[in-house]
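The structure appears below as structure tokens.
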Amino acid sequence: MHHKYDVNMKRELPADISLWDEKCMQIFIEENSAMFRVFASRYVTDMDMINDFLQEAYIRLWNHRASIGRVDSLRNYFFTLLYHIIVDKRSYLSRNDISLEEKEVLELTSETSLFESIIEAESSHLIAEALKKLSSQSRQVILFSIEGKNMAQIAEELHVTVNTVKTVKYRALKRLSELLSKEDFLLLLFLLNI
């Protein structure tokens, strides 16, 4: 019983990055890569480019870990690092007249919206984690709702009645309101167009 609890605990990484070994780096990537992808997708829509930027940011973090040392927030440090890589790469590509299609690259923004992008990425991550705690049917109802499907479409998709969808959705939202902070729950309601 005790062992199972340890496995589910959040793994704490040293705040001093110079102390990291490969395992620390692996844990950092596993626990945060989905959130970093959401963040990068605010600026770049092409998935291959996002993966390239992430790879470069991970390599830079790893190669410079000794000189980086202790940081207050690993995530915020990495968000900033990733943001600067995206900015640098894009100015390099445009300077060298390498065309970046408009649809691949979104507008670079002010520090305020950089902060908003970080919050949005973290919220998306927390919402995704909360959704994992729902039953399979509840999770499907919420995900279909986020996709914009109405009650009848969800009922048809899941082969249940509209009343069942209503009940499942109500219970799922009640549970999510307990699992999420008020701000993250409001973001979820916004995503659900409620």
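All of the numbers you see were taken from the coordinates with simple rules; none came from a lab. Predicted model only: the values in this text are computed from it and were never measured. So basically every Cβ, Gly included, is an ideal-geometry build from the backbone, and we count neighbours across all protein chains shown.
Kindly rank 72-82, 177-187 from highest to lowest mean number of other beta carbons found within 10 Å of each residue. Present the calculation step by step, with values, prior to reporting the outcome.
Values: 72-82: 16.7, 177-187: 14.8.
Ranked from most to least packed, the peptides come out as 72-82, 177-187.
If you stretched the chain out fully between residue 29 and residue 174, how much longer would it get, using 0.36 nm times the residue separation minus the C-alpha to C-alpha distance?
Values: separation 145, 0.36 × 145 = 52.20 nm, distance 3.14 nm.
Stretched out fully, the residue 29 to residue 174 stretch lengthens by 49.1 nm.
Place a point 7 Å from Cα of residue 84 in the direction of its Cβ. Which residues in the stretch 28-43 have their backbone N less than 20 Å from it?
So the set is 29, 36-37, 39-43.
Under a 5 Å amide H to amide H cut-off, with H placed in plane at 1.01 Å, what residues pair with residue 44 once short-range neighbours are removed?
106
For the ranges 20-27, 31-38, 151-158, what's the packing order if you count other beta-carbon atoms within 10 Å of each residue, average per peptide, and put the highest first?
By packing density, highest mean first, the sequence is 31-38, 151-158, 20-27.
Taking a threshold of 31 Å on the Cα-Cα distance, which of the pairs 23/89; 89/149; 89/132; 23/174; 89/182; 23/149 fall above it? Walk me through the intermediate numbers first.
Numbers: 23/89 29 Å; 89/149 38 Å; 89/132 35 Å; 23/174 38 Å; 89/182 37 Å; 23/149 41 Å.
Exceeds cut-off: 89/149; 89/132; 23/174; 89/182; 23/149.
Any chance you could run the full-extension gain for residue 156 through residue 183? It's 0.36 nm times the residue separation minus the Cα-Cα distance, nm to one decimal.
On the way: separation 27, 0.36 × 27 = 9.72 nm, distance 3.17 nm.
Result for the pair: 6.5 nm of gain on full extension.
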